[in-house]
Amino acid sequence: MQEAERSTSTKDSRRYSTSISKHDTVKTEVSNAEACEKTIALFGVSGVTGNYFLQLAVEAGYHVRALILPGFELEDMKGNPSLTLVQGTMDDQAKIHRVIRKAAYVVCMLNDCPQMIDTTPATIVPTHSNYQFIQLLVPLMSRCATCKVLLYQVSDE
């Protein structure tokens, strides 16, 4: 007997797990703790690697909450109930918090590595937003009781 399981949300914001077998369907409520365990906060979703990660995470049964920059759209994932998009910029602390709240995992797949003005160890000054973004993200994560893991991947191209 083959059995499938999926997670869906309802209008009253409770999460349910639905098990479907050949003969019957059983719907049970999922606790908030279990829902958090299946939530990933994703930054960099509009890039190639971030978008690929998004597709794999959704296929694996995770709910993904992602920050998407103004002007970008994810046509291939439009209407997917496992994806929540938060439109904003990488320096908007309120939007960053909205993405990471109640997520167990935070994944950053950002493209631009910080470029250094001066490479003298005492005077390294990052000129791009990744440094400032991480400076905003880490304190927010430390205040979120559910955040367990930060995966940070960057590339310079």
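Quick notes on this structure:
- Residue within the range 107-114 that is outside any helix (DSSP H, G or I), at pLDDT below 90, among the charged types (D, E, K, R) and within 15 Å of Gln132 (Cβ to Cβ) present: yes
- Close pairs from the range 130-141: first within 12 Å of Ala94 (Cα to Cα) and in contact (Cβ under 8 Å) with a residue 12 or more places away in the chain, partner surrounded by fewer than 13 Cβ atoms within 10 Å (Cβ to Cβ) and not aliphatic (A, V, I, L, M), Cβ under 9 Å, at least 6 apart: Leu136/Asp91; Leu136/Gln93; Leu140/Gln93
- Residue satisfying all of: in the range 76-106; part of a loop (DSSP other than H, G, I, E, B), under 17 Å from Val58 (Cβ atoms) and out of contact with any Ser or Thr (no Cβ under 9 Å at 6 or more places or on another chain); modelled with the lowest pLDDT among these: Lys78
The values are calculated or read from the model by the stated rules, or taken from the named source; none is laboratory data. Owing to the predicted nature of the structure, the values given are computational and were not obtained by experimental measurement. Reconstructed Cβ throughout: ideal geometry from the backbone, glycine too, with neighbour counts over all protein chains shown.
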